[in-house]
């Protein structure tokens, strides 16, 4: 019991509750002091409460302790291992500075958030089985689709953070990330943020979708501002995580590892981090502007003027401005989600094909190319928004050009597979499944990017089908490939291969049915984000197919979780390098010791020369051996 | 290998990381401020509201002077002149507070309210976001002043002072772009 209350996580939750109450009390107290009535106004109370609750969590969990000490001039030595007098497992429930612990924390919390988002999808898919409303009110339905969107985005960002934090320092032979405290802060800020998003569903909900377009988002229920605040807070994690990763890669490689001898996943992580560091600020700004417009009446997005503004001859606000600010992040965000996944594909294919990676430099630079082009395409989401017509064509061409670096990746993958000695354990199956699904996403994208066709496809299930294909192909399948592939390294045990393969076949079959069903329904005119549909549209059978397939996917993920939990506790001990990988993290014991490498790595060859006799990538210099 | 050399090497490695990290943070923050400037030009176009020009000029001069005193503090520390170091930090804080007073009392107290259309929203949005950064800089300087008073920085090892100084210069630089966007560009509308 005493151990329980010493857990940072529990203290953080208490801090969040206290902080929220404090914020609410502050607002109500100030209203009382200035003699306003009514005393209780829900929106400012919840916004200030949510803000102070987040701070309360971070104070309670202890993520700010070392910085507070630094400000007070106290020494803050690095701490390794479990807190004094506590068992090893408590590390995972408290602020810990090791990137390996933080990577696991990101992944586990990411899977929890993923399950919440998946549960919501399951609920509203049941509603869509028949026309008419059976189980939910339309408001409840809208809240669920909105929450499904943002909660899944949070889950994907957490999964990306998990892979990057665990793998990148190991791959470049660094002892840890460049800023371990910032790393812990970047993980823990996600926890109060996720809780805010979940709370928002229960205090009125909101019906704007995850895109929060004004003017609807200015008028929606109380869940709206909590959702903006949660979104904003998750953005803070993205910014500090991206910053940390870039510094780590640029300053902490061993001198012998030049940029073109880094494992290919590191390049993908760099591309992702550039986008996270720069683009996230704009969506943060957009969310902040929504909050102040709602609570202080600052008319950024309202095209109507009040009397005082008319007297000033002020120009009006403009709701399209929000869409520009929002999509300047939220389009690059999809590359934040898929670049690490595509990096995982490039990383694993040579291992299972026993062949060098085809066109290493081209793959590496295509990640940076996608990241750069990703900044120039945001307005392709706005072809029907009423923005200036002359903006449409350049954004259409810029969008179609993105197919070039993505195509480079596809041809490199084919070149790597060509003539390889392929084996098909579970991670390889997920890699191949990812390629097939991402290809489908690549084929449904251009019709949505071309203005003439987009005018018909916009706001239909076609778009829903397209982005689920890119997210499953670019994130979900590669994420599970990575989970199975690095499972023996992280836990030191083998996973159950038969259950892994069952998971793959159920998920890939379920996904193809679900996704093609969405494309088909979209072509028949089914609009997205609509709780009900006309039976005359003839999409009921398609909706039933999508719902059944969605439940198959959910079931397969439960199998995977069962497999991971049971295997981590009691399965056979894994050998050190079961995949015969050349990457440095596979040359050290599993699970990896507290200090990963005893001495700096010496890179003496190319990373992906599989099948070339006598070639070596890294040499481990044992501590104390000396030259 | 003596112990002090090892500590020195560790400090140098950390310093390299810290510098790169801080400059990347500036790059990230620049996107925030560029977004705010984009909002100003999108909504205001080639016009601006009538503002108190004298007040705008005075607060700009005060803030630019504070950048000079901040630089003086850092240079004094490098030359081991502790008294000038600490005093210049305090002068910088006073100048920062004067700037805040000018913005909050005279600009926010003028005839424009936050809810007055795009003029009110952008004026309070720009000055408010910048003022928030000035407040963070003042808190940072006070922390550095307190730690400096207790002798925690040497003329060779003072990353905290360096970070605080460039943060303050950065906040000033943002105002160098905000001042013309608010006070000088476009046609003043009565």
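Some points to look at:
- Exactly one residue among B:63, B:100 is assigned to a helix (DSSP H, G or I), away from every other protein chain (no Cβ under 14 Å), surrounded by 20 or more Cβ atoms within 10 Å (Cβ to Cβ) and in contact with a helix residue (DSSP H, G or I) (Cβ under 8 Å, 6 or more places away or on another chain), and that residue is B:63.
- Candidates A:229, A:278, filtered to the one that is part of a helix (DSSP H, G or I) and within 14 Å of chain B (Cβ to nearest Cβ): A:278
- Here residue A:516 clears all of (1) at pLDDT 90 or above; (2) buried (at least 16 other Cβ atoms within 10 Å of the Cβ); (3) within 29 Å of the chain's Cα centre (by Cα); (4) farther than 30 Å from residue A:443 by Cβ except the condition numbered (4).
- Total residues in region A:304-329, condition part of a helix (DSSP H, G or I) and more than 7 Å from chain B (Cβ to nearest Cβ): 12
- Looking across region A:575-587, the residues that are under 18 Å from residue A:262 (Cα atoms) and surrounded by 18 or more Cβ atoms within 10 Å (Cβ to Cβ) come down to A:581, A:582, A:583, A:584, A:585, A:586.
- Lone qualifier among A:260, A:265, A:301 - being part of a helix (DSSP H, G or I), over 22 Å from residue A:159 (Cα atoms) and more than 7 Å from chain B (Cβ to nearest Cβ): A:260
- Checked against the criteria, residue A:202 does not count as within 14 Å of chain B (Cβ to nearest Cβ) and surrounded by fewer than 23 Cβ atoms within 10 Å (Cβ to Cβ).
- For region A:521-542, the criterion of being in the same structural domain as residue A:172 (by TED's automatic domain parsing), under 25 Å from residue A:346 (Cα atoms) and modelled with pLDDT under 95 is met by none of the residues.
- Filter pass, residue A:250 being more than 10 Å from chain B (Cβ to nearest Cβ), more than 21 Å from the chain's Cα centre (by Cα) and surrounded by fewer than 21 Cβ atoms within 10 Å (Cβ to Cβ): no
Residue by residue, here is whether (1) part of a helix (DSSP H, G or I); (2) outside the structural domain of residue A:223 (by TED's automatic domain parsing); (3) buried (at least 19 other Cβ atoms within 10 Å of the Cβ) holds:
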{"site": "A:12", "(1), (2), (3)": "yes, yes, yes"}
{"site": "A:31", "(1), (2), (3)": "yes, yes, no"}
{"site": "A:45", "(1), (2), (3)": "yes, yes, yes"}
{"site": "A:80", "(1), (2), (3)": "no, yes, no"}
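- A single entry from A:221, A:212, A:174 fulfils the requirement of being more than 20 Å from the chain's Cα centre (by Cα) and surrounded by 21 or more Cβ atoms within 10 Å (Cβ to Cβ): A:174.
- Just so you know, in region A:281-298 the residues that are at the interface with another protein chain (Cβ under 9 Å from one of its Cβ atoms) and farther than 30 Å from residue A:369 by Cβ include one that is surrounded by the most Cβ atoms within 10 Å (Cβ to Cβ), and it is A:298.
- Tally of residues being within 11 Å of another protein chain (Cβ to nearest Cβ), outside any loop (DSSP other than H, G, I, E, B) and closer than 15 Å to residue B:75 by Cβ across region B:140-190: 2
Here's the yes/no breakdown for (1) within 30 Å of residue A:591 (Cβ to Cβ); (2) assigned to a helix (DSSP H, G or I):
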position: A:167; (1), (2): yes, yes
position: A:184; (1), (2): yes, yes
position: A:198; (1), (2): no, yes
position: A:201; (1), (2): no, yes
position: A:209; (1), (2): no, no
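- Selected residue (criterion: nearest to the other protein chains (Cβ to nearest Cβ)) from residues of region B:32-50 that are within 23 Å of residue B:113 (Cβ to Cβ) and in a loop (DSSP other than H, G, I, E, B): B:45
- Selected residue (only one of A:387, A:396 is surrounded by 15 or more Cβ atoms within 10 Å (Cβ to Cβ), assigned by TED's automatic domain parsing to the domain that holds residue A:468 and either under 25 Å from the mean Cα position of the chain (by Cα) or part of a loop (DSSP other than H, G, I, E, B) (or both)): A:387
- Residue check, residue B:113 in contact with a helix residue (DSSP H, G or I) (Cβ under 9 Å, 6 or more places away or on another chain), within 14 Å of another protein chain (Cβ to nearest Cβ) and part of a loop (DSSP other than H, G, I, E, B): yes
- Residue that is over 25 Å from residue A:289 (Cα atoms), in a helix (DSSP H, G or I) and within 14 Å of another protein chain (Cβ to nearest Cβ), where the choices are B:10, B:29: B:10
- Answer residue from region B:116-129, given it is part of a helix (DSSP H, G or I) and at the interface with another protein chain (Cβ under 8 Å from one of its Cβ atoms) and is surrounded by the most Cβ atoms within 10 Å (Cβ to Cβ) among those: B:118
The values are calculated or read from the model by the stated rules, or taken from the named source; none is laboratory data. Remember, predicted model here, so these are calculated numbers, not experimental data. Glycine also receives a Cβ, built like all others from the backbone with ideal geometry; neighbour counts cover every protein chain displayed.
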